[in-house]
Amino acid sequence: MSKYALQLYINGKNNVSVEAVDILNTICREKLNGEYYLEIIDIQEHPDRAEEEGIMAIPTLIRKWPLPVTRLIGALTVRSRVLAGLGLSSLEPVA
Amino acid sequence: MSIRKLVTGITAFDHISAGGLPYGRTTLISGSSGCGKTLFGAQFLAMGIQLFGQAGVFVTFEEQVEDIRINLRTLNWDIDAWERDGKWVFVDASQKDDDTLTVGDYDLSGFQVRLERAITKCQAKRVVLDSIGSVFSQFQELNSIRHELFKVTLALGRLDTTSIITTERTEEYGKVSRLGVEEFLTDNVIILRNVLSEEKRRRTIEILKFRGSSHEKGENLFTIHPEQAIVIIPLSAMDLKYRSSGVRVTSGVAKLDEMCGGGFYRDSIILVSGSIGAGKTLLVANFIDGIREKDERCLLLAFEESREQLFRNATGWGQDFTKLEDDGYLKVVCLYPEVASLEDHLLNIQEIVREFKPDRIAIDSLSALSRTSTDKAFREFIIALTSFLKHQEITGMFTVTTTLLSGGTSDTEGNISPLTDTIILLRYVEMSGEMHRSLSVLKMRGSKHDSSIRGFTIDDKGINIGEPFTGVSGILTGIPARG
């Protein structure tokens with residue numbers, strides 16, 4: 001299985017959360033060609049999910065697959081680091 | 001005016017804090033590693049459940065939940081049942097072993113949502129966050145984390161919980177906390193210390209500040225008891241307001257009663273001082289024998305002699321300790337002073353007293369106990385012990401050993417004599433080339449007493465107090481002279 005499995009934990013409709021959702025959607029569209037599962041979890045609606053995963057910071061992006069499981073915390077604003085964290089750096093076109 | 005407090009249920013803490021922790025607020029507990037802060041937090045929750053039926057939330061930033069459970073089970077706290085019944089809820093905020101990368105701004109609302117969910121779910125009244133220092137190592141941005149934690153403390157107050165935040169400090173006397181930012185979270189700060197002093201561990205608790213509320217100042221000793229967890233020995237908080245009894249009890253020696261103006265007061269502490277072999281243990285044996293007059297019970301704590309030795313000596317003076325013990329009038333406990341710290345000895349003695357409910361207690365000898373600690377700690381021990389005994393209206397006889405055979409005082413004596421009500425001196429006197437034994441009542445609080453120095457002899461019936469020495473002076477200095 002080669003599909004990416006991602007979970008993004010956000011807090012309601014606050015600015016940082018909304019922005020993170022947009023950024024992540026863009027990255028997935030550009031980089032993953034539909035080869036991914038993305039689940040967006042609002043901790044206000046699903047506090048139990050936050051508990052299960054031990055979420056502290058918001059936003060938190062968890063790459064469940066491929067292994068190793070990796071956590072990215074923060075607003076995903078630093079694109080190069082997000083790509084590195086997701087293991088997508090090599091796919092970045094040379095500018 | 002004092003602010004509202006939440007009674008914690010931790011032994012003596014409510015006493016030194018004048019009623020417990022500030023209600024609806026957060027208190028910071030700071031201490032070096034191994035000082036007992038996690039235990040204090042856990043005990044705060046456990047007592048809430050056991051004594052008041054108040055649920056609690058335990059947030060761990062550092063230790064694994066399962067490790068904490070294991071530790072708590074050793075204290076006979078039924079953590080599993082409490083968790084099952086929703087009385088105790090863990091929030092695991094410890095660091096995950098996944099790789100973590102920071103990619104932009106964040107807040108800790110994830111944590112806050114989980115904490116609020118846990119509190120609402122079990123309707124918690126008490127919350128513990130252990131320990132906050134780890135949050136700063138998990139998340140690097142000091143200022144924003146401080147702000148986030150401040151929001152957490154606001155939420156804790158809003159949800160009507162009384163909470164404890166623990167934090168690390170690197171030295172016993174110095175900055176309140178490692179990073180120096182934690183104490184800005186709250187107005188209430190408690191310090192736990194664990195100091196090595198003259199080869200002995202000395203644990204103390206100090207309430208540094210409780211904004212807008214009174215509390216005891218300074219350090220109070222505490223010990224970690226295998227079943228009761230943290231037990232504070234509140235020396236500074238001891239009040240001297242015990243009832244003073246006018247009832248007299250016999251010393252077991254008619255003549256000595258006479259010298260004391262009719263016997264010892266029931267709630268008094270009698271100090272018997274003398275060198276080795278001066279007859280201290282004999283007076284103790286008589287004191288024990290005195291229980292027969294009113295069918296009282298006596299507890300004998302022996303720190304010097306073995307049971308066999310004691311019983312044999314008593315037989316030599318015509319007393320049957322074995323029978324007294326069989327009949328339930330006497331309980332003899334022999335201990336090596338070195339087996340425990342003074343704090344533990346104190347707890348142990350209190351436990352035995354509560355169980356056996358004696359009318360009298362004899363300790364032979366205090367000097368043996370004083371060997372194991374510093375002067376200060378020993379004095380504190382005696383204050384705590386005498387106060388405890390007086391509250392229970394128990395008559396106490398303590399012996400101390402002087403180092404010189406004739407004359408002289410002991411360090412122990414100098415330390416504690418102000419705390420006792422009656423002092424009896426047993427001294428050897430050399431006169432005309434012979435050793436005589438002498439006995440005198442040096443002090444008898446609240447009563448007239450015979451101030452003469454009397455000779456006494458010991459035979460197979462016990463002690464025979466004779467007439468006062470006349471025409472001799474300087475007996476107590478050990479160098480008597482015919483005057």
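Within chain B, the whole DSSP H helices whose Cα atoms reach 18 Å or more along their own axis and whose mean Kyte-Doolittle score is at least -0.5 are B:37-52, B:109-122, B:142-158, B:342-356, B:375-391. Applying the Kirkwood pairwise sum to the alpha-carbon positions of region B:196-344 produces a hydrodynamic radius of 18.9 angstrom. Between B:K323 and B:D344, the FRET efficiency estimated from the beta carbon spacing at R0 = 41 angstrom works out to 0.80.
Distance between the modelled labels on B:E258 and B:D85, one decimal in nanometres: 6.4 nm (7 Å Cα→Cβ projection).
Cross-link check: pairs A:K13/B:K96; B:K125/B:K390; B:K390/B:K461; B:K125/B:K217; B:K323/B:K443 evaluated at a Cα-Cα cut-off of 29 Å; pairs beyond the cut-off: B:K125/B:K390; B:K390/B:K461; B:K323/B:K443.
A probe of 1.4 angstrom, applied to the heavy atoms of all protein chains, finds B:I363 with accessible area near 0 square angstrom. DSSP bridge analysis restricted to region A:4-90 gives an antiparallel fraction near 55%, rounded to the nearest 5.
Interface area, chains B and A: about 2300 Å² of buried accessible surface, summed, with a 1.4 Å probe and ligands, DNA and RNA left out. For chain B, the Kirkwood radius over C-alpha pairs fed into Stokes-Einstein at 37 °C and 0.692 mPa s yields D = 129 µm² per second.
If you take every DSSP beta bridge whose two residues both sit in chain B, what share of them, in percent to the nearest 5, is antiparallel? Walk me through the numbers on the way to the answer.
Details: 43 of 93 bridges.
Roughly 45 percent of the DSSP beta bridges within chain B come out antiparallel.
Each Cα pair under 8 Å and six or more residues apart adds its sequence gap; the mean of these over the residue count of region A:4-90 is a relative contact order of 38 percent. When the convex hull of its Cα atoms is viewed from all sides, the protein assembly as shown shows a mean projected area of 34.4 nm². All C-alpha pair distances within region A:1-75, sorted into 10 Å bins from zero, spread as 19, 54, 26, 1 percent across the bins. The helix-based estimate of mean residue ellipticity at 222 nm for chain B, built from -39,500 (n - 2.57) per DSSP H run of four or more residues and divided by its residue count, is -9000 deg cm²/dmol to the nearest 500.
Under 5 Å between amide hydrogens, built in the peptide plane, is the criterion, and for B:T100 it picks out A:R71 among residues at least 5 positions away or on other chains.
Interface residues of region A:34-51, defined as a loss of at least 10 Å² in heavy-atom accessible area between the chain alone and the complex of all protein chains with a 1.4 Å probe, are A:I43, A:Q44, A:P47, A:D48, A:A50, A:E51. Sorted largest first by accessible area at a 1.4 angstrom probe radius, with every protein chain in place, the residues B:I70, B:I232 fall in the order B:I70, B:I232.
Using only the Cα atoms of region B:248-482, construct the convex hull and provide its projected area averaged over every direction, in square nanometres to one decimal. Walk me through the intermediate numbers first.
Values: hull surface 47.6 nm².
Taking the Cα atoms of region B:248-482, their convex hull projects to 11.9 nm² on average.
Placing +1 on the Cβ of every Lys and Arg and -1 on the Cβ of every Asp and Glu, with nothing else charged, gives the protein assembly as shown a dipole about its Cα centre of roughly 1240 debye. Kirkwood analysis of region B:5-233, using all unique Cα-Cα pairs, places the hydrodynamic radius at 17.8 Å. For B:I233, the residues whose amide H sits under 5 Å from its own are B:L221, B:F222, B:T223, ignoring neighbours fewer than 5 places away on the same chain, with H placed 1.01 Å from N. The figure for B:I349 is an accessible area of roughly 10 square angstrom, using a 1.4 Å probe on the protein chains alone.
Carbon-plus-sulfur accessible fraction, region A:4-90 (probe radius 1.4 Å, protein heavy atoms only): 51%.
Provide the gained length on full extension for the span B:E63 to B:E206, in nm with one decimal, where the gain is 0.36 nm per separating residue minus the Cα-Cα distance. Let's see the in-between values first.
On the way: separation 143, 0.36 × 143 = 51.48 nm, distance 2.48 nm.
Stretched fully, the B:E63-B:E206 segment lengthens by 49.0 nm.
The values are calculated or read from the model by the stated rules, or taken from the named source; none is laboratory data. This one's a predicted model, so the numbers in the text were calculated from it and none came from an experiment. No Cβ is skipped: glycine too gets one built from the backbone with ideal geometry, and neighbour counts run over all protein chains shown. We work out accessible area using only protein heavy atoms, side chains counted, and drop any ligands, DNA or RNA first. Shrake-Rupley method; radii C 1.70, N 1.55, O 1.52, S 1.80 Å.
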